[in-house]
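Everything on this sheet refers to the single structure shown next.
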Amino acid sequence: MELVADTSFDERAAYIVAKAQETLGKTPDRITTPGGKSRSSMRLHFGDDRAIATLRENFRRTHLEAYVLEKLGPHCDDIPRVLGVNEDVLFQSDTGEIRLSSEVLEHNESDQVELAAEACAAIFRIHAAARQTDLAEMLPHLGSNRDWIINLVGSVDALQAYSMGIPKEFDFVAVAERMDQPGRQFLKWDCRAGNAAIGDDGFVRWFDFEYAGLRHGAEDFAWLIADETWPVSPDKMADVMIDTYDHGSGYDIADYLDYLSVYVTLHAVQRLKLIQKEVKKRGWLSKTRVIKYDDAGVHPDYARQLCRVGAYYAAQSKLTAPLARNFEAAGRAFQAIADG
């Protein structure tokens, strides 16, 4: 049975059930869809046991994810275990039914900071585990071409709609040079809080490694810090980064944190652009829907949070400091939308 992009959910589910029987030797009692029926992963329930089955449109990404997890597995316990791969279906252990993105909202500020520290420490452990493998010789380099970097830095123009233009002090070339990285560190990529879960043992684990590759390393933390639904304030996240920093990463901490600040600033712009695009397509969404389906943060409060993050981190590096006032102006615009 060959599956195509418009295959119905029932057909995909039947295909996965057949592959589960072949690979795991058992048939699930039921199937649930943690991210909705349109997502590539399903949760298989076998009595009290669970597994995640992933069927992506691009089978190469499925095999890349399995390869990465199998390489990292012997060196850390912060990721799913591969249970088997059958053609285009990956079976992996279930890291937990409670996503970090929803769990963090149930706690007070001090507990939220503790969860942030656990999540960041896990990322550092994953990076350290990768350094014990040959993944740096095997994986693709992310954002390594000139056009990608120009697009990333040039995206700051999106802030002009909310302010009086990009300050002339912003040095496009210098920022682009800062973003030009050799790609020596493993990256999970897409470390939004919705891609981590709390296990039955209470530990935070990261999943969804289909876009793994190589770059600086700080980008993984930028995905979390500039996740618009992440409630921990940017100054608290800065403290978390210092407290959990892995001094064995091969970088001077001051240089690492400066690079992180620049990248968070640019990543916040990318997320704002995504929110703007989705608002034009679908209008503003409820916070409940966004969290339930791990959707883009298409709510004015989430856009405001991004602006707070952008303004704070922009101010942390002389390269991006001129953009702080642009983020502040954008934040006021989204505040007006929220009030309206």
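The values are calculated or read from the model by the stated rules, or taken from the named source; none is laboratory data. Small disclaimer: the values here were computed from a predicted structure and weren't measured. Using ideal geometry, Cβ is built from the backbone for each residue, glycine included, and neighbour counts are taken over all protein chains shown. Side chains included, ligands, DNA and RNA excluded: accessible areas come from the protein's heavy atoms. Shrake-Rupley method; radii C 1.70, N 1.55, O 1.52, S 1.80 Å.
GNM on the chain, C-alpha springs below 10 Å: top fluctuator among Ala119, Ala18, Ala218?
Ala18
Remind me, relative contact order of segment 159-238 in percent, using alpha carbon pairs under 8 angstrom and six or more residues apart?
Averaging sequence separation for qualifying contacts and normalising by length gives 30 percent for segment 159-238.
Just how many pairs of Lys in the chain have C-alpha atoms closer than 17 Å, counting pairs that are eight or more places apart or on different chains?
Pairs that pass both the separation and distance tests number 4.
Report the relative contact order of the chain, percent, no decimals, based on alpha-carbon pairs under 8 angstrom and at least 6 residues apart.
After rounding, I find 17 percent.
Among residues other than His267 whose Cβ falls under 10 Å from its Cβ, what is the net charge (Lys/Arg +1, Asp/Glu -1)?
-1
Angle check, please: helix 300-314 long axis (alpha carbons) against the longest principal axis of the chain (alpha carbons), in degrees 0 to 90, nearest 10.
Tilt relative to the chain: about 60 degrees.
Shape verdict for segment 166-259, please, from the Cα gyration tensor: rounded (a/c under 1.5), prolate (a/b greater than b/c) or oblate.
Prolate shape, in that a/c is at least 1.5 and a/b is the bigger ratio.
Which of these, Ala197, Ala329, Ala303, has the largest mean-square fluctuation under a Gaussian network model of the chain (Cα springs below 10 Å)?
Among Ala197, Ala329, Ala303, the largest GNM mean-square fluctuation belongs to Ala329.
Which one, Val279, Tyr293, Val269, is farthest towards the positive end of the dipole of segment 261-315 when Lys and Arg carry +1 and Asp and Glu -1 on their Cβ?
Of the candidates, Val279 comes out farthest on the positive side.
I need the shape label for segment 66-217. Rule: rounded when a/c is under 1.5, else prolate if a/b > b/c, else oblate, with a, b, c from the alpha carbon gyration tensor.
Judged from the Cα gyration tensor, segment 66-217 comes out oblate (a/c at least 1.5, b/c at or above a/b).
Take the solvent-accessible surface of the protein heavy atoms, probe 1.4 Å, and return the percent of it on segment 1-85 that carbon and sulfur atoms account for.
45
Using label points projected 7 Å from each Cα along Cα→Cβ, tell me how many nm separate Asp29 and Ser144, to one decimal.
Rounded to a tenth, the inter-label distance reads 4.7 nm.
Pop out the ³J(HN,Hα) list for segment 65-76 in order, Karplus 6.51 cos²θ - 1.76 cosθ + 1.60 with θ = phi - 60°, rounded to Hz; leave Gly and Pro as x.
Coupling constants for segment 65-76: 4, 4, 4, 4, 4, 5, 5, 6, x, x, 10, 7 Hz.
Can you tell me the relative contact order of segment 1-91? Whole percent, Cα pairs under 8 Å, sequence separation 6 or more.
Taking the mean separation of contacting Cα pairs over the length of segment 1-91, I get 23 percent.
By its C-alpha gyration tensor, with a ≥ b ≥ c as the square roots of the eigenvalues, how is segment 1-142 shaped: rounded for a/c under 1.5, else prolate for a/b larger than b/c, else oblate?
In terms of gyration-tensor shape, oblate.
In the neighborhood of Ala136, defined by Cβ-to-Cβ distances under 13 Å, what is the net charge if each Lys or Arg adds +1 and each Asp or Glu adds -1?
That works out to +2.
Suppose all protein chains stay in the model; what accessible area per residue would a 1.4 Å probe give for the chain, in Å²?
Per-residue accessible area for the chain comes out at 45 Å².
First obtain the Kirkwood hydrodynamic radius of segment 54-136 from its Cα pairs, then insert it into the Stokes-Einstein equation at 37 °C and 0.692 mPa s, and state the resulting D in µm² per second as a whole number.
Answer, rounded: 227 µm²/s.
Specify which labelled value, from (1) 0.99; (2) 0.95; (3) 0.97, agrees with Rg/Rh (Cα atoms, Kirkwood Rh) derived from the coordinates of the model shown.
Correct label is (3).
Carbon and sulfur atoms: what percent of the 1.4 Å accessible area of segment 107-156 do they account for?
Carbon plus sulfur share of accessible area: 48 percent.
Which of Val309, Val153, Val17 ends up with the largest GNM mean-square fluctuation for the chain, with Cα atoms connected below 10 Å?
With Cα springs under 10 Å in the chain, the top fluctuation among Val309, Val153, Val17 is at Val17.
Once the dipole of segment 1-150 is set up with Lys and Arg at +1 and Asp and Glu at -1 on Cβ about the Cα centre, which of Leu44, Ile79, Ile16 lies farthest towards its positive end?
Farthest towards the positive end: Ile16.
Can you tell me the order of 93-105, 278-290 when each peptide is scored by its average per-residue count of other Cβ atoms within 10 angstrom, highest first?
With the highest mean Cβ count within 10 Å placed first, the list reads 93-105, 278-290.
Restricting to DSSP H runs of at least four residues, report the calculated mean residue ellipticity at 222 nm for the chain, -39500 (n - 2.57) per run over all residues, nearest 500 deg cm²/dmol.
Only helices count here, giving -15000 deg cm²/dmol.
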